[in-house]
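Q: First, the structure itself, so that you have it in front of you.
Each reported figure results from applying straightforward, stated rules to the coordinates on display, with no laboratory input. Keep in mind that this is a model prediction, so the values were computed, not measured. A quick note on method: Cβ atoms are made from the backbone with ideal geometry, for glycine too, and the neighbour counts reach across all protein chains shown.
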Amino acid sequence: MNAPRKPRIAVIGSNMVDLVTYVNRMPVRGETIEAPRFEMGHGGKGANQAVAAAKLGAEVVMVTAVGDDLFGENTIRNLAALGIDTTHVRRVAGKASGVATIMVEPSGENCILIVKGANADLSPADVERAGDALKRCDLILLQLEISLETVYAAIAFGKQHGVRTVLNPAPATPQLDIAHVRDVSYFVPNETELAILTGLPTESEADIEAAAKSLLGQGMQAVIVTLGGRGALLATADGCKRIAPTRVQPMDTTGAGDAFVGAFARYHAAGADLDAALARAARYAADSVTRPGTQKAYATEAEFEAFERGL
Ligand code: RIB
């Protein structure tokens with residue numbers, strides 16, 4: 001009997017170099033304080049999601065743009081070393097690669113400041129150029145660290161060619177035009193992004209359900225709200241369902257949303273139904289926050305299965 005084919009996932013999105021400082025507390029304006037630890041790592045919401053899916057055994061193609069600097073070269077090498085297809089990674093002359101300055105508190109909570117750099121140059125033409133590879137994929141993943149025009153073009157491409165799309169609207173911007181993204185198959189904000197994008201409160205569970213339903217009312221098919229340590233919520237025309245959290249001791253929550261999206265894509269593309277894929281995504285994200293960093297904190301498939309067996 002032939003082995004089932006691997007799920008195929010494309011990520012059209014960002015890459016960053018993460019400059020991570022672990023602080024005892026956040027500094028206030030005008031203050032200089034000392035922090036105990038610094039680490040540099042590969043990040044970017046797009047690349048993180050690509051790496052999570054690849055570590056879990058998916059075939060992944062990454063459509064992104066790097067600068068013509070050392071960070072860009074290292075990023076390409078890192079993606080390739082993880083088995084990700086880098087054919088559609090473009091080097092942008094005269095631009096710096098994207099960087100993210102991150103501060104992580106002892107609680108594991110973080111603050112992130114990004115400079116898009118070459119990521120801002122990823123264009124609808126890059127989506128067209130990668131068209132043949134994208135058509136062979138089960139799912140296309142998108143975030144908002146690239147231009148909105150490119151995100152809109154990718155969703156239109158998915159609709160035209162029958163490839164399902166996932167939009168993680170992070171970081172959220174009120175400039176996102178919901179009318180341009182309502183054809184996305186799965187819209188995956190966290191509760192803060194949901195509030196920014198709908199203009200509605202997300203203080204209570206009832207608020208979150210109402211805000212998610214308002215997006216369904218604007219034509220979206222499925223809204224998945226990630227709720228950190230409280231799990232997630234799925235809203236579709238059939239109603240709202242909760243995805244249970246997995247209790248862990250968080251060390252660094254940076255990139256947990258990306259772990260969730262990458263794992264959801266991998267399992268759903270492989271045929272798991274929505275409920276099952278979301279349950280595994282929530283467990284994968286929970287496991288990721290027990291280690292520092294983003295991509296390097298993501299478990300391989302074998303490590304993740306061991307984590308699940310231990311629950
Ligand atoms: O979601 C976490 C990511 O956000 C970090 O890796 C950082 O690069 C920013 O893009």
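Q: By how many nm would the segment from Glu105 to Leu148 lengthen if fully extended, with 0.36 nm per residue of separation less the alpha-carbon distance?
A: 12.4 nm
Q: Continuing with this model, one more query. All other residues with a Cβ under 11 Å from the Cβ of Glu105 taken together, and with Lys, Arg as +1 and Asp, Glu as -1, what is their net charge? All intermediate terms of the calculation are to be shown ahead of the outcome.
A: Numbers: positive: Arg25; negative: Glu109, Asp252.
Within the 11 Å Cβ shell, the charges total -1.
Q: Find the relative contact order for the chain and round it to a whole percent, using C-alpha pairs within less than 8 Å whose residues are 6+ positions apart.
A: On the way: 723 pairs, mean separation 56.7, N = 311.
For the chain, the relative contact order is 18 percent.
Q: Here's something else I'd like to know. Among the DSSP beta bridges whose two residues both lie in the chain, what percent are antiparallel, rounded to the nearest 5?
A: Bridges in the chain are about 45 percent antiparallel.
Q: May I ask you to order 238-249, 102-113, 289-300, 47-58 by the average number of other C-beta atoms within 10 Å around their residues, highest value first?
A: My ranking of the peptides, most packed first, is 47-58, 289-300, 102-113, 238-249.
Q: With an 8 Å cut-off on Cα pairs and a minimum separation of 6 or more residues, tell me the relative contact order of the stretch 198-294 in percent. Please list the in-between numbers first.
A: Numbers: 139 pairs, mean separation 22.2, N = 97.
Result for the stretch 198-294 is 23 percent.
Q: Packing-wise, with mean Cβ within 10 Å as the measure, how do 189-195, 265-271 rank, highest first?
A: Highest to lowest by the protection proxy: 265-271, 189-195.
Q: Something else now. Assign one of three labels to the chain, namely rounded, prolate or oblate, based on the Cα gyration tensor with a ≥ b ≥ c the square roots of its eigenvalues; rounded applies when a/c is under 1.5, prolate when it is not and a/b is larger than b/c, and oblate otherwise.
A: rounded
Q: Based solely on its DSSP helices, what 222 nm [θ] is calculated for the chain when runs of n ≥ 4 H residues each add -39,500 (n - 2.57) and the sum is averaged over all residues, nearest 500 deg cm²/dmol?
A: Using -39500 (n - 2.57) per qualifying helix, the result is -10500 deg cm²/dmol.
Q: Still on this structure, please answer the following. If packing is taken as the mean number of other Cβ atoms within 10 Å per residue, what is the order of 5-13, 75-83, 116-124, highest first?
A: 5-13, 116-124, 75-83
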